[in-house]
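The values are calculated or read from the model by the stated rules, or taken from the named source; none is laboratory data. This one's a predicted model, so the numbers in the text were calculated from it and none came from an experiment. Note: ideal-geometry Cβ built from the backbone for every residue, glycine included; neighbour counts use all protein chains shown.
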Amino acid sequence: MVDEATKKTLSGIPLCKTKAGPRDKDLWVQRLKEEYQCLIKYVQNNKSADNDWFRLESNKEGTRWFGKCWYVHNLLKYEFDVEFDIPITYPTTAPEIALPELDGKTAKMYRGGKICLTDHFKPLWARNVPKFGIGHAMALGLGPWLAVEIPDMIEKGIVTYKEKDG
Amino acid sequence: MTSMKEMESRIRELEEQLRAERQKNDQQRPIREKISQMSSEVVDSNPYSRLMALKRMGIVDNYEKIREFTVAVVGVGGVGSVTAEMLTRCGIGKLILFDYDKVELANMNRLFFQPHQAGLSKVQAAAYTLSSINPDVEMETHNYNITTVDNFQHFMDRISQGSLTGGPVDLVLSCVDNFEARMAINTACNELGQTWFESGVSENAVSGHIQLIEPGRTACFGCAPPLVVASNIDEKTLKREGVCAASLPTTMGIVAGFLVQNTLKYLLGFGQVSYYLGYNALQDFFPTMRLRPNPLCEDSHCRRQQEEWANKAPTNPAEADMAAGGDEPVVHEDNEWGISLVDESAPSEEPEGAGDVLGLVQGVKTAYSLPATTSDAKEEAGALAADADVSLEELMAQMKTI
């Protein structure tokens, strides 16, 4: 269902405890702190494993997230903007991660550039409510998606390498 | 400088053309005046004569009452747009449409929208077409995503205050295409005690369903993992490579037809309303059943509604029956598909999960199973986010500088 590498990554991300969504006021603040702690740990893990692949930040309410993710292919680094909203049904439903600049460039996306997840993602998420958080959605959703789709899009010439300006 | 002049004259030219096109459209547009009262007179000019004939035929007692009802349609895509058109042609009092999407050429394999509407918001394009079909229907449109914090309260307010008399709408129809939006509707309706119909078409386009949800009385959408009508396709032969979803105008039209048929029965009080009606297109198999609420539902408002129903249920024999497990014998003339309600106490085929509590009919299953208890001792041992005395601001700052 989930490959060994992903399993190992997952085991390194702390779990959330508070079942609270953005309408839950104080409890949501508690949950947000957990989310940030999980993400910080996950990014630190990635850095020490020389596999740093995303940065995220949120508005102060923690309802809208944005940042960058990158994927290295043939020694070239391809970077994309990431964004998503936290739905009011969170954490019962996972956030729908979007890469807006790739919207319309691949069939493995829903409108607005929301990535199309595998059949395994939703059951896995549902079984782990409320323990899974944004870090887990990145590790289980966006990570594997980039690994499959980006090399394919590069090969087809849909995604091309851009020199970093300045 | 000549180029500037050229541009100006070109603009004037285009403005002329635009005016001409607009006039053409306007000439095509107003087709009839509003009609203040539904008449059953059978004349070519009466758009309601065939509907009012339902009274004379003894099917419906009070067809004209349809003008008092307000229905909210959430999601105006392949199912929702056809649903809205059917209700408009039936002369519903008011429609409230919600959708954040735009019409695209990729939608043209479905019904209702037309290529020239590409780029318009779905609710705007739909309202325009629908009010030209039947100007008697009051239209209210909201072009936003209901699942975000910014819009959800407004969505709830329109459900609870959007009717023709400023009260709750008579029915909410879910015609959305994703789990998140369905859960958002479920959350709203559980909180408000609002009756709604869930509908859906599978991503492989060959099955669908409708489901009546009366908070507290029937299973809510969150009482169990999503239900799927077994398509009897071998999973291994189902190719998903390179695509997210398929769709067919046929399946969507059929599901919209089921949805509106049951809406009319529910509103006008005729026939029998289906609690759950599935559709397997490959075999033309239509399972039906009633779904009991899950006493352990994760949604506290569902549990609250269940208590409220339990307190008033025994006064009504139908409710007592529902509370007792809804196993009143629904006897069909024939039963060649071998459809039967699964007894709660009988050993179930599904290994685990809340689906069993519901009493699912053969041919319908939950999309996945959930662990019986939410806490898994081994996993809990995994590092939990520490309860450190750091403020959210500090964490946000740390994340930025990492």
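The set of residues in the range A:44-62 that are more than 9 Å from chain B (Cβ to nearest Cβ) and in contact with a Lys or Arg (Cβ under 9 Å, 6 or more places away or on another chain) contains only A:F54. Look at (1) within 12 Å of chain B (Cβ to nearest Cβ); (2) farther than 19 Å from B:E104 by Cα; (3) among the charged types (D, E, K, R); (4) surrounded by fewer than 19 Cβ atoms within 10 Å (Cβ to Cβ) and you find that A:K68 fails only one, number (1).
Evaluate the following for B:M86: is it of a type in the set (A, V, I, L, M, F, W, C), under 20 Å from B:T263 (Cα atoms) and either in a helix (DSSP H, G or I) or within 14 Å of chain A (Cβ to nearest Cβ) (or both)? Yes, satisfied.
Take the range B:111-137 and flag every residue that is buried (at least 18 other Cβ atoms within 10 Å of the Cβ) and either of a type in the set (V, I, T) or in a loop (DSSP other than H, G, I, E, B) (or both). Selection gives B:F112, B:F113, B:V123, B:N134, B:D136, B:V137.
Candidates A:R55, A:R23: the one that is touching a residue at least 60 places away in the same chain (Cβ under 8 Å) and among the basic types (K, R) is A:R23. The residue list B:L51, B:L14, B:L18 contains one member that is at pLDDT 85 or above, surrounded by 10 or more Cβ atoms within 10 Å (Cβ to Cβ), among the aliphatic types (A, V, I, L, M) and in contact with a helix residue (DSSP H, G or I) (Cβ under 8 Å, 6 or more places away or on another chain), which is B:L51. Taking A:P95, is it closer than 27 Å to A:M109 by Cα and in contact (Cβ under 8 Å) with a residue 60 or more places away in the chain? No.
With respect to A:H120, is the statement that it is more than 24 Å from B:L370 (Cβ to Cβ) and over 12 Å from the mean Cα position of the chain (by Cα) true?
Here the answer is no, as A:H120 does not meet what is asked.
Tally up the residues in the range B:160-177 that are of a type outside the set (D, E, K, R) and within 14 Å of another protein chain (Cβ to nearest Cβ), please. Residues flagged as of a type outside the set (D, E, K, R) and within 14 Å of another protein chain (Cβ to nearest Cβ) within the range B:160-177 amount to 2.
Residues are listed down the side, and each one gets a yes or a no for (1) of a type in the set (S, T, N, Q); (2) in a helix (DSSP H, G or I); (3) on the phi < 0 side of the Ramachandran plot:
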| position | (1), (2), (3) |
| --- | --- |
| B:I159 | no, yes, yes |
| B:V172 | no, no, yes |
| B:D177 | no, no, yes |
| B:I185 | no, yes, yes |
| B:N190 | yes, yes, yes |
| B:E203 | no, no, yes |
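Among the conditions (1) touching a residue at least 40 places away in the same chain (Cβ under 8 Å); (2) crowded, with 23+ Cβ neighbours inside 10 Å, the only one that B:E85 does not satisfy is (2).
Give the range A:96-113 a look and list any residue that's at negative phi and within 9 Å of chain B (Cβ to nearest Cβ), or say none. A:E96, A:T106, A:A107, A:K108, A:M109, A:Y110, A:R111, listed by residue number. From the list B:E191, B:E180, B:E140, the lone residue that is in contact with a strand residue (DSSP E or B) (Cβ under 6 Å, 6 or more places away or on another chain) and either surrounded by fewer than 17 Cβ atoms within 10 Å (Cβ to Cβ) or within 14 Å of chain A (Cβ to nearest Cβ) (or both) is B:E140. Within the range A:1-25, the only residue that satisfies the criterion of being surrounded by 15 or more Cβ atoms within 10 Å (Cβ to Cβ), within 12 Å of chain B (Cβ to nearest Cβ) and among the polar types (S, T, N, Q) is A:T18. Candidates in the range A:129-146 are the residues that are within 11 Å of chain B (Cβ to nearest Cβ) and surrounded by fewer than 21 Cβ atoms within 10 Å (Cβ to Cβ); of these, the one that is nearest to A:V29 (Cα to Cα) is A:P130.
Within the range B:354-393, the residues that satisfy the criterion of being in a helix (DSSP H, G or I), at the interface with chain A (Cβ under 9 Å from one of its Cβ atoms) and at pLDDT 70 or above are B:L392, B:E393. For A:E34, indicate whether it is surrounded by 17 or more Cβ atoms within 10 Å (Cβ to Cβ) and among the charged types (D, E, K, R). So A:E34 passes the test.
Going by the conditions given, is B:C220 in contact with an Asp or Glu (Cβ under 7 Å, 6 or more places away or on another chain) and within 14 Å of chain A (Cβ to nearest Cβ)? When the stated conditions are applied, B:C220 passes them. The set of residues in the range A:26-43 that are within 7 Å of chain B (Cβ to nearest Cβ) and either part of a loop (DSSP other than H, G, I, E, B) or out of contact with any Cys (no Cβ under 7 Å at 6 or more places or on another chain) (or both) comprises A:V29, A:L32, A:K33, A:Y36, A:Q37, A:L39, A:I40, A:V43. Would you point out the residue of the range B:232-271, among those that are modelled with pLDDT under 95 and away from chain A (no Cβ under 14 Å), that is surrounded by the most Cβ atoms within 10 Å (Cβ to Cβ)? The qualifying residue surrounded by the most Cβ atoms within 10 Å (Cβ to Cβ) is B:N232.
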